[in-house]
Structures are given as C-alpha cells and as structure tokens.
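These notes concern the structure reproduced below.
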Amino acid sequence: MKALVVDDSRIMRNIIINILKEKKMDGDDILDAPEGKTALEILNKESIDLLFVDWNMPKLNGLDLVKIVRKIEKYQDLPIIMVTSEAARYNVMEAIKAGVTDYIVKPITGVTIMEKIKAYM
Amino acid sequence: MKNRYIWPIFGVLVGWILSYVSIAIVLKQLGEFVDTSGIVLNPLFVWERPIGPIILGLASFLIGLSRDKLIVKQQDTEKKNIDLHKTMIEQAGRLSAELNSVMAELNGYTYQLDSIIETIDEGLCLVNRDFVIEEGFNNSFIKIFGDKEYLGNSIFNTAFSILNENMKKETMDFLELCFTNKTASPSMLNEANPIKEFEFVQVIEGIVVQKIISSSINIIKNANKEIEKIMFVFNDITSANELKKELEKRDKEYSKRYSIMVALFGNDKNVIKRFIDGLEEDMEILSKKIKELKQNENNSNIISDILGTVHSIKGEAFALGFEKLSGIAGEVETFFKKIKGEVLGLESNLEIIGFYEKLNNEKKEFDKTISALEDFLADDEVEDINTDISSSNLNLTDSVSKHLGYENISFDLLRKELEIINKSSAEEGGKQSVFTLNTSVKSIDSKKYKLIKELFLHLLRNSIAHGIELPLDRLEANKDVNGQITLDILKVDNNLIFEYTDDGTGFDVEKIKQRAIEHDIATEDEISKMSNRDIIKIVFNDGFSTTETVDMISGAGVGMSVVKKNIYKELKGKFTLTNRPGRGIKIRITIPV
C-alpha cells in the first residue's frame, strides 16, 4: 500500500507521515509532494492507494488537484482525504462535488487521522 | 493553684529575706564606725517592721494578677481560634456535601438524557433515485410528519412541505449530490446534510407544539456499488434538547459558583484579602474614570488609566484562578483599546456602561460568595490579636501609621503575590522561571505597596512573556533551563532601592524599531538618528507592544507604560535600565520614603 501526502507546509506533511509510520506503514511507501504539479507527476509514475491533500495551496489548490486526479482512469475509486481548516456545510458540498472521499479538519491529531483512515487501510 | 496566690506569698518571703539580709549588711557596715556589738539581729526584728515585705508582696500580687489576665486572654484567643477552625471545617464539610449532592443531581440528569436518547422515537424514510418515497417507514415517522392520510408517496412531500423554500432546495441539491457522487464517504455526506437538525411546528388537538428533529442518512448500494437508495433516519430530539440545555445551564451555574470557591480556598488568605480590597479600589477608580470620560473630549489619557487598571485586574485574577473575572476584564481591555482616541458617540458610551456593569456584576458575585463564607476571612482578625499579644516588641511605627490610616504591608506578601504571578505566567507561556525576592526592608505603607506591586506585576509578566526564552532555547543558549528573575529591596538613606533583574533575551532593539514605525510612534528617519537607549525608551510609551496577539499574560501594550507612570508620577521616583542583549535586563528603581 502506497500513500501520497500533498501539502505546501513541511510541518503538516511530517505530522501525517509520522502518524502513518506509527501505524506500521513502511517509510518507503509514504511519498510526499509540496505542491500539485509534483504530486501529479508522482501519481502518474506510481500507483497510489491513499491520497492526502491540503485544501489551501498556492498555484494549484487542493480541490482542483482532486478534480484532475478523478479524471485519471486508475484513480476513480482512490480514497482521497482532504485536510482543511474549513468545515462549513457549503465547503463540504464543494469537496464532495470535486470527488473527495473524506476530510479531516485542522488542527489534526493522531486520533482524528486514524479515526478517518482506518476504513481505507 | 492560680498564680495570683503564689506570687504574693513568694513576694512576702523574698521581701522578708531581703529586709533581713540588708539590715544585717547595714549593721555590719555600721560596725566599723560605732559599736554595734550590743545589737543582736533578731529575725523577728523585721517582723516588727513589715512595711518592706508588704510592699514587695503587693507588687508581686499585682504582677501575678496581670500575668494571669494576659494568659486568660491568650487562652481565650486560642479557644476562639479553635472554634473558628471548627466552623471552617464544618463549612468545608457542608460545602463538599452540597457539591456531592449537586454532582449526584447532575449525574442523574445525564442518565436521564442518555435514556431519552436511547428510547427516542425514530422514523425511517427511503428515497430512491427518482426522489420517490418508498414504503418501509414506521408509524413514528408519521407522528412526526403528518397524518395517516399521507401514506404512500406523498409522505416525503409532506415532510418536505414543513421545510422552508430554501431548505427544500438545499435538500434537493443534497440528494442530487448523494446520487451522483459515489466516492464520498457516508460520514462526509452526513456532514453536508442540510436537515441535520431542524425545527417544525405541529398542531395537536388545537395545541401548538414546537419540535426539534434531527436526521441522518444511510446509503444503500446495489450490486454494482452504485448508490440505489438514501435512507433518512429521523429523531424527535425536542425533549432531549431541552434537558441538554437545562443541564448545560446548571453545569455553568454551579461551575461558576464553585470555581470562585475553589480559587478562594486554593490561595493564600492574605493574598486573596489584598486582591479583594484592591478590586474594590479598582472598581471605584474605574467608575470615577468613566464619569470623567463623559465630560472630556480628549479621552486618550483617561483611557490609558482605565486600560492600566483593567490590565491589572485581568492579570491578577488570572493568576489567582478567577478565570471568569479575568476573561471579562480581558474583553473590557480589548474594547477600550479599540475605542481609544475615537470621539465617543452615544453607542460607545452605552457600551462602556454595559462593560462596567458586567465587570461589576462579577465583582458582586464575588462579594456574594465571600459573605457566604464570612468566617473564612474573619479568621484573620483573630490572628492579628494573637500577634499583638505574643510579639513583645510591638512595632511603634506600625501602630502610628495605623492611626494615620496607612496600614503597613509586609514585603513577604509581595513575595507571595509575585510568586503566584510568576507561576501562572510561566505556565501560560510554556516557560520555566524562578522568582526570588530578597529584602532588608520589612514593610511599606499600603498606598505605596499597591503601586509597587502593580509595577512589578507588569515587569514580571513582561519578563516572562518577552524576555525568558522557552526551555529548549535556554538550553541551546547555555543557560539554566529555569529563567532567573530576582528582586532585591534595600534601603539607602531615605530611599528604597529595588533592583530587578531577569536573565532572558533582553530588549530586541530591531523589533522595537520595527514596531515603532508600524505604530507611527516615530518615522524611519527619526529612528535611524536615535540611540539604542532612546529606542528602548519607546517600550515604556503608552500603547506599545511587540507581541501581535493579546493573551492572558501580556501584550496589550499597557504594562510597561504603567511601570513608567507608577514610578515617575505616583511614587516620585526614578529608574535606570541596563539592557544586556541575550543576557537579560536589569532595572534599578529608586523611590523616596
């Protein structure tokens, strides 16, 4: 199982990566990208099973990235988890429309992440 | 046997012996000049002239009597002390019993709430892709949404009809979204459910009933993993909601009352007493200043004074654990900071009164709690009598100043109060610091005490917020993990000298420059011409702060100006500041006494 973490903040990426490692995921199987373009390159090259995306990123934002990913044939059922600080109903509607599977509201902790991802691991 | 009987007998005996001995000595001395061999000293000689022993006996009797009286008084005081102690213990017992019953009551409520939620009326409703309601709902659903005549497809329409137009549209959009998006998880879809909780009014036998309904959805997929049906589960949560609200209200009320009590019992009594007296004074000052505010166009100075007072209340209340009072003071502070310099309209004036009332109400809450615990503070008076008797060297200046209306306050109290501030500020900021106070002076009059305490309170809080580094940073900088803050008090001639040092980072001149320009305190040109000394002086200006956020410890830009004001204006003193970048600051304050 391979996971990809896309976030422009290095700290946020590390938090998620560390939590995944704690859950016995192999370090080699956890990839990360600081922005959308790099993420798309990795997605094309590798076969990813779980994707974490930050909503607010410069250049290509998380929602647009998800829309592009969903157009890729092999990723139509990929669990995509959005990390966001916005949790209003219309934000959630927007995320659902873009094709997000689930979302985690910041600030995140190990417990909240595990709660969400145990269904996809 | 009582002392008053022993002392006279003892006195007469001693008097007798002394008289005998002294006469014998006199006779022996006389013997050198005249012939005294004819006189034989008979012990009964003294018996015939009893005046000496009688006087001594009488004196001893009086001494014994007064000592007796003192002892009786002391015993009385001790007894009173023990009685008070007993009543305090009884009171604490009653309080804890009351607390227990309250907790039991609350637990009962929680249990009730749980059982209501468990047995709640449920209703189901299945919606297929064509938005057609399917049969397969139970009767409670009908109870919530309408009569039996709506059986069949129209039930959902009935349910729909009670929602307003906006909600109807949102629900349609939501259903559309559910059916078209197969990737979203059920929990996420539930988050987007627009009728997660809604109210509706029903007329049952002529009586209008308002109900609160919650709904959640389940997704039913077919063999191809396509969403086939959406199942709504409706719950009538009206009574559960009411109970929850009631529970929250009670919870809040009790926690408010008990938090004050916990803080009262948890702190040093003398510190609390000073705080409450100080609060009384502060509220008077505030009410006076607010009146002045209405009469003056130019309010900047008055608001600065108000901010200083409110800032002190906020910090002290927080340190002692009076969280609510501290929170309100914080709100008031933010408000006054906002309106500072503005011309105040009717609305602002009303708001000011509103804030003052809010603060005053919390103070009244205090007074109420304290009068309920009257004896809690009465205990102190007994202690005072006790010290009056037991301390033989009664301080004359103390009693004189008491007559003049100035009570002398020991610097020990200052130590206690500043230690509390140190502890709470360090905890708040995630820092570690040790505060030490050394003094060769015992006490100071209460008026000056208040000003001195206030200024060190601000210095200490600023040291911890801005000076002392986080523990890891301190270790990196080769410093003790605990920040060291010391205050030495000594008297030289007619001056009291306070030497305050901390071993933090010292003032960051670059940061001050930057903030000064941002705050329009000085232009870039002016700054470049200023010496480091003059730049540090800016910190003591009104409304200056290098911290972006106003937190509980400091950062409202009030503290340091209070320091300056108290030293120069109120105490007529002066101060010098030594900044050692990276190593801390040293402030020497001299005030005349």
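Side notes on the structure shown:
- The single condition from (1) away from chain B (no Cβ under 12 Å); (2) within 11 Å of the chain's Cα centre (by Cα) that A:Thr38 fails is (2).
- If the condition is being over 21 Å from A:Glu115 (Cα atoms), within 9 Å of chain B (Cβ to nearest Cβ) and in contact (Cβ under 8 Å) with a residue 12 or more places away in the chain, then the range A:42-90 contributes only A:Arg70.
- Residues located in the range B:318-334, provided they are surrounded by 17 or more Cβ atoms within 10 Å (Cβ to Cβ) and either free of Cβ contacts under 8 Å to residues at least 40 places away in the same chain or of a type in the set (S, T, N, Q) (or both): B:Ser326, B:Ile328, B:Ala329, B:Val332
- Within the range A:88-104, the set of residues being aliphatic (A, V, I, L, M) and either surrounded by 14 or more Cβ atoms within 10 Å (Cβ to Cβ) or part of a helix (DSSP H, G or I) (or both) comprises A:Val92, A:Met93, A:Ala95, A:Ile96, A:Ala98, A:Val100, A:Ile104.
- Of the residues making up the range A:91-118, those that are more than 12 Å from chain B (Cβ to nearest Cβ), more than 15 Å from B:Ser187 (Cβ to Cβ) and among the aliphatic types (A, V, I, L, M) number 2.
- Checking each residue in the range B:258-283 for being in contact with a helix residue (DSSP H, G or I) (Cβ under 7 Å, 6 or more places away or on another chain), of a type in the set (D, E, K, R) and part of a helix (DSSP H, G or I) picks out B:Lys269, B:Lys273, B:Arg274, B:Asp282.
- Here is the figure for the range A:1-41: residues that are part of a strand (DSSP E or B) and within 17 Å of A:Thr112 (Cα to Cα) total 1.
- Of everything in the range B:194-236 that is without any contact (Cβ under 8 Å) to a residue 12 or more places away in the chain and in a loop (DSSP other than H, G, I, E, B), the residue that is nearest to the other protein chains (Cβ to nearest Cβ) is B:Asn224.
Results for (1) more than 16 Å from A:Ile108 (Cα to Cα); (2) surrounded by 12 or more Cβ atoms within 10 Å (Cβ to Cβ); (3) at pLDDT 90 or above, shown as yes or no for each residue.
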residue: A:Ile42; (1), (2), (3): yes, yes, yes
residue: A:Leu50; (1), (2), (3): yes, yes, yes
residue: A:Met57; (1), (2), (3): yes, yes, no
residue: A:Lys67; (1), (2), (3): yes, yes, yes
residue: A:Gln76; (1), (2), (3): yes, yes, no
residue: A:Pro79; (1), (2), (3): yes, yes, yes
residue: A:Val83; (1), (2), (3): no, yes, no
residue: A:Glu86; (1), (2), (3): no, yes, no
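- Pairs where the first residue, in the range B:176-193, is at the interface with chain A (Cβ under 8 Å from one of its Cβ atoms) and more than 13 Å from B:Ser216 (Cβ to Cβ) and the second is of a type in the set (Asp, Glu) and surrounded by fewer than 16 Cβ atoms within 10 Å (Cβ to Cβ), C-beta under 8 Å, 6+ apart: B:Thr183/A:Asp77
- Total residues in the range B:450-504 satisfying the condition of being among the polar types (S, T, N, Q) and either part of a strand (DSSP E or B) or crowded, with 21+ Cβ neighbours inside 10 Å (or both): the figure is 6.
Condition check ((1) at pLDDT 65 or above; (2) surrounded by 15 or more Cβ atoms within 10 Å (Cβ to Cβ); (3) in contact with a Gly (Cβ under 7 Å, 6 or more places away or on another chain); (4) more than 30 Å from B:Lys256 (Cα to Cα)) across all residues:
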site	(1), (2), (3), (4)
B:Leu84	yes, yes, no, no
B:Asn107	yes, no, no, no
B:Leu126	yes, yes, yes, yes
B:Gly136	no, no, no, yes
B:Glu149	no, no, no, yes
B:Phe156	no, yes, no, yes
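The values are calculated or read from the model by the stated rules, or taken from the named source; none is laboratory data. Keep in mind the model is a prediction, meaning the values are calculated, not measured. No Cβ is skipped: glycine too gets one built from the backbone with ideal geometry, and neighbour counts run over all protein chains shown.
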